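Trainee: Have a look at this one.
The values are calculated or read from the model by the stated rules, or taken from the named source; none is laboratory data. In this text the structure is predicted, and so the values were computed from the model without any measurement. Methodologically, a virtual Cβ is constructed for each residue, glycine included, from the backbone with ideal geometry; neighbour enumeration extends over all protein chains shown.
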């Protein structure tokens, strides 16, 4: 049971890490000129450095979940 829970946590953590890393790239991309008007915008937005910092925190949380899954599976 513990290993099954650990596998689920690892899948969730992998998704969180992926979203965090993509968010970091999105934060970096705002430094370059793009046509932002061509994208739909929903809800509040983080831009630039704030997006990168929040995304790095999300990626770190995902790595923490992976570590926690390793502890659970033992």
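Trainee: Out of everything in region 1-46 that is modelled with pLDDT under 65 and in a helix (DSSP H, G or I), what residue ends up being nearest to residue 70 (Cα to Cα)?
Mentor: 36
Trainee: Turning to a different aspect of this structure: Output the qualifying pairs, or none if there are none: Cβ atoms under 7 angstrom, residues six or more apart or on different chains, first residue in region 1-26 and closer than 10 Å to residue 58 by Cβ, second residue at pLDDT below 80 and surrounded by 14 or more Cβ atoms within 10 Å (Cβ to Cβ).
Mentor: Within 7 Å, the pairs are 23/51; 24/52.
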